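**Student:** I'd like to ask you about the structure that follows.
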Amino acid sequence: MSPSLPSRAQVVVIGGGIIGCSVAYHLTKRGVSDVLVLEQGSLTCGTTWHAAGLVSQLKSSHSLTKLATYSAELFKNLEAETGQATGFRAPGSISVATNEERWEELLRGASMASTVGVEIHQIDPEEARERVPLLNIDDVIGALYIPDDGVTSPVDTTMALAKGAKQGGATVIEGIAVEELRVKDGAIVGVETEQGFVEAESVVLAAGMWTRHLAATAGIHVPAQACEHFYIVTEPLDGVERGMPTVRDPAGYSYFKEETGKLMVGFFEPRGKVWQLDKIPRDFSFATLPEDWEHVGPIFERAIHRMPALGDCGLQLFFNGPEAFTPDGVYYLGESPEIDRCYVAAGFNSVGIQSAGGVGWALADLIVDGVPTTDLTAVDPRRSFPFQSDPAYLKDRISESLGLLYAMHWPFRQYESARDIHKSPLHDRIDAAGAVFGELAGWERPNWYAAEGAERKYRYSYGKQNWFEASGIECRAVREAVGLFDQTSFANFTVEGPDALTVLNRISANQIDVPVGKAVYTQWCNERGGIEADLTVTRLGEESFFVVTAAASSNRDWTWLRRACRGHQVQLRDVTDENVILGVMGPLSRDLLTTLTPNSLANDDFPFGTAQHIEIAGCPALALRMTYVGELGWEIYLSNEDGPVVYDAIVSKGEAFGLRHAGYHAMNTLRLEGGYRHWGHDITDQDTPLEAGLGFAVAWDKDVDFIGRQALESQRNQPRTKRLIQFRLHDPDRLLYHDEPIYRDGEMVGRTSSGMWSYVADSALAMGYVNCADGVTKEWLEAGKWQIEVATTKIDATPSIRSFYDPANERVRM
């Protein structure tokens, strides 16, 4: 018999699947015993009960792999701790590759996973068949074996977590649905259930495919959508023995798992099947969906190719059940941007079981400590945008994102569905100039410009893709002449009012109390000194400021700023949609712009790091002399009406100065050459300005107790045991991306955070954090032999504390 509904709880967890129970379990481990888990049906009745129970460790990034490996370790010991059987065992897993591109992807994943300590072995096809006798290896060129990958009973593991939570003081109540979230003054205050109101300090939305609609009752956007997910279970099959490793054949969109002498075969088809865009019924409990052989048939044929015995065996079960998927194929974990103390743990894209342990651990720490204790950038709900909750968008995008789970995870791959959400007023013009568009935060952005008559379509690979030469031309123009960037997707906010300076100086590590017209590069830090945002703040008046940040960070940074302004006399406006932003960058940028403006752009009149209202091509503009590419240049902010006028004038005059349109691939190369950090890769809330080499942007002498100051002061005079370093790879063909292991004298000491080809250095460059207990110093760097591991091959590299291009940063002040 369930306990009665209490009137309040410190934390209410909505959802009694494996995620909700793991969160409750880990909260009790952190000393929070007043936890209430509410499940509208019975525990596991939504998605957990029909999950395959795979516990794999290798994920797409270091941070996600770290969370998954925690799950595996937790599940090993959970039965002994709670007394509840979990069914966990570790038969291992094998992933097969049938072409060189997939093999490189697997090997790069193996190198990345080594940074978390995952044991992975390369095995030849014959050994794979020895471990799995039913496996057809005719077209297999290589395989990875992960001996500690596991399988578990989803229901039993959930029950063990629930039992552990109750042993720690939590209350679990089944059969009561939460109907609405209650909010007051921007913060969660409780939940309205079928049986009345429950007051709460914090609420966790772990309601699986019900989460999007429940969150919407409080104005919270959680873009997650149910899709049909299919698997079959055979009759008992000779050759399927207990202990058989799970097999993944990503090229065949299938996985194969031993199930008590039978074979379970699951499918991630190239285009998913969206289910129930409208609200999911409350009583959809332990329910299934109809068979659809027409949809699954082509994938089943591939499965028969990999396991030929499937062609002749009987099928015991064809299963179809819904699971929640997200637009980018990564789950949501963290505080909602809209409402304080309301947390999201949903949209698990068929990896909920293997992620549950790490998710519970990370979210419990976040709730108790107020800041993450591990890197959650990839899963942060603030990466999403309200437009993504539109049913039409979800129907289009989710079908593609599900299909990409087993597709090739190409560098720079662009989504093909749900496009054209936001377009620059210059879109048609740059399209005519040859732009090849990518999408970020809903914006159509020019990633590169194809030559006239050249193909305007990506040809993906792990090497130099088909835009390599075009991007090189763009980079050379910016380095030697002048390049034109459409930066309209950059987010910009106005901050005005009597308390504007007070708020901005409190959240900024740098000094914001500067003369009018001064632009300040700064970080916004959390109390531990971790970097929450990386942006510029320009003072336009005594009580007027202009904030510019990256498109991908706009929701996150807006949320941080909005919360900081509470209780203050400040007016905030997001003016991103009102401006066109042109970046005119390169050593001839001043010469070009001087032909279009009566204002002086000379160094004495318009120094680096300042902003002025100017006239250009007869139009009023805000010109900001800042750069993200390491060259002389200006960002020009114009109205949507004036933007095309000024663009046309710049293009018309630019031919005489060697002007080239330049895209975001070129910008990424240029910024990396110049040592400019990229938030989300090179800097996150787990990195401090001092570790990231950004101590110059900390105003130690300002008379303000800015957020994170105490943590940074304590770190200031200590050895830099962790430090962001630049690297140049000694290989003319290999490219770097991120999460590659870094070695010093044969010992792994860090991993890369971002990488790109440099046309100046004629090699791949990267940034990466390295660690040394005695301090990462110039002497320590020079004394070691350095290598970066790419697809399990160690390649020599040169480290540098300073950037390889213009280390004195002189060119921006030309």
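The values are calculated or read from the model by the stated rules, or taken from the named source; none is laboratory data. All figures in this text were calculated on a predicted structure; none of them were measured in a lab. Note that each Cβ is placed from the backbone with ideal geometry, even for glycine, and that neighbours are counted across all protein chains shown. Protein only, heavy atoms only, side chains kept; ligands, DNA and RNA dropped before computing areas. Shrake-Rupley method; radii C 1.70, N 1.55, O 1.52, S 1.80 Å.
**Student:** Which residue is most open to solvent (accessible area, probe 1.4 Å), if the candidates are limited to segment 754-779 and must be within 19 Å of Ala470 (Cα to Cα) and of a type in the set (A, V, I, L, M)? Can you show your working first?
**Tutor:** To start, the set of residues in segment 754-779 that are within 19 Å of Ala470 (Cα to Cα) comprises 755-765.
Within this subset, residues satisfying the condition of being of a type in the set (A, V, I, L, M) are 756, 760-761, 764-765.
On the way: Met756: 13, Val760: 87, Ala761: 40, Ala764: 0, Leu765: 5 Å².
Among those that are within 19 Å of Ala470 (Cα to Cα) and of a type in the set (A, V, I, L, M), it is Val760.
**Student:** Something else now. Name the single residue that is most open to solvent (accessible area, probe 1.4 Å) among those in segment 359-415 being under 21 Å from Gly219 (Cα atoms) and in contact with a His (Cβ under 6 Å, 6 or more places away or on another chain).
**Tutor:** Our first condition is that a residue be under 21 Å from Gly219 (Cα atoms); within segment 359-415, this holds for 367, 379-395.
Next, from what is left, pick out any that are in contact with a His (Cβ under 6 Å, 6 or more places away or on another chain): 386, 389.
Details: Pro386: 71, Ser389: 22 Å².
It comes out as Pro386.
**Student:** Here is a follow-up. Tell me yes or no: at least one residue of segment 440-457 is closer than 21 Å to Thr488 by Cβ and out of contact with any strand residue (DSSP E or B) (no Cβ under 6 Å at 6 or more places or on another chain).
**Tutor:** Step one: list which residues in segment 440-457 are closer than 21 Å to Thr488 by Cβ, which gives 440-450, 456.
Imposing the further condition that a residue be out of contact with any strand residue (DSSP E or B) (no Cβ under 6 Å at 6 or more places or on another chain) reduces the set to 440-441.
Yes, because at least one residue in segment 440-457 is closer than 21 Å to Thr488 by Cβ and out of contact with any strand residue (DSSP E or B) (no Cβ under 6 Å at 6 or more places or on another chain).
**Student:** (1) open to solvent by less than 10 Å² (accessible area, probe 1.4 Å); (2) over 29 Å from Asp340 (Cβ atoms); (3) touching a Phe, Trp or Tyr at 6+ places or on another chain (Cβ under 6 Å); (4) not aromatic (Phe, Trp, Tyr): which one isn't true of Thr234, the others all being true?
**Tutor:** Here Thr234 clears every test but (3).
**Student:** If the Cβ limit is 9 Å and pairs must be 6+ apart or interchain, which residue in segment 121-137 that is touching a residue at least 40 places away in the same chain (Cβ under 8 Å) pairs with which residue that is polar (S, T, N, Q)?
**Tutor:** Within 9 Å, the pairs are Gln122/Thr792.
**Student:** Another question, if that's okay. For segment 702-718, check the following and say yes or no: at least one residue is within 30 Å of Gly109 (Cα to Cα), open to solvent by less than 60 Å² (accessible area, probe 1.4 Å) and either acidic (Asp, Glu) or in contact with a strand residue (DSSP E or B) (Cβ under 7 Å, 6 or more places away or on another chain) (or both).
**Tutor:** no
**Student:** While we're on this one: Taking Asp499 as the residue in question, decide whether it is acidic (Asp, Glu), within 30 Å of Glu713 (Cβ to Cβ) and touching a residue at least 24 places away in the same chain (Cβ under 8 Å).
**Tutor:** When the stated conditions are applied, Asp499 passes them.
**Student:** Let me ask you something else. Restricting attention to segment 615-651, and to residues there that are within 15 Å of Val482 (Cβ to Cβ) and of a type in the set (Ser, Thr, Tyr), which single residue is surrounded by the most Cβ atoms within 10 Å (Cβ to Cβ)?
**Tutor:** Filtering first and then ranking leaves Thr627.
**Student:** Of everything in segment 775-795, what is among the small types (Gly, Ala, Ser) and part of a loop (DSSP other than H, G, I, E, B)? Give them in sequence order.
**Tutor:** Scanning segment 775-795 gives Gly775, Gly784, Ala791.
**Student:** Can you tell me how many residues in segment 458-515 are open to solvent by 20 Å² or more (accessible area, probe 1.4 Å), touching an Asp or Glu at 6+ places or on another chain (Cβ under 7 Å) and farther than 30 Å from Asn447 by Cα?
**Tutor:** The qualifying residues number 3.
**Student:** Go through segment 296-337 and give me each residue that's over 28 Å from Cys45 (Cβ atoms) and acidic (Asp, Glu).
**Tutor:** Result: Glu301, Asp312.
**Student:** While we're looking at this one, here's another question. Take the residues in segment 521-563 that are under 27 Å from the mean Cα position of the chain (by Cα) and farther than 20 Å from Gln686 by Cα, then tell me which one is surrounded by the fewest Cβ atoms within 10 Å (Cβ to Cβ). Steps first, please.
**Tutor:** First, the residues of segment 521-563 that are under 27 Å from the mean Cα position of the chain (by Cα): 521-537, 546-563.
When the remaining residues are screened for being farther than 20 Å from Gln686 by Cα, the result is 536-537, 546-548, 551, 562-563.
Values: Thr536: 21, Val537: 24, Phe546: 21, Val547: 24, Val548: 22, Ala551: 20, Arg562: 16, Arg563: 12.
Out of the qualifying residues, it is Arg563.
**Student:** Looking at segment 652-667, which of the residues that are out of contact with any helix residue (DSSP H, G or I) (no Cβ under 6 Å at 6 or more places or on another chain), outside any helix (DSSP H, G or I) and within 24 Å of Ser754 (Cβ to Cβ) is most open to solvent (accessible area, probe 1.4 Å)?
**Tutor:** Taking the candidates together, the pick is His661.
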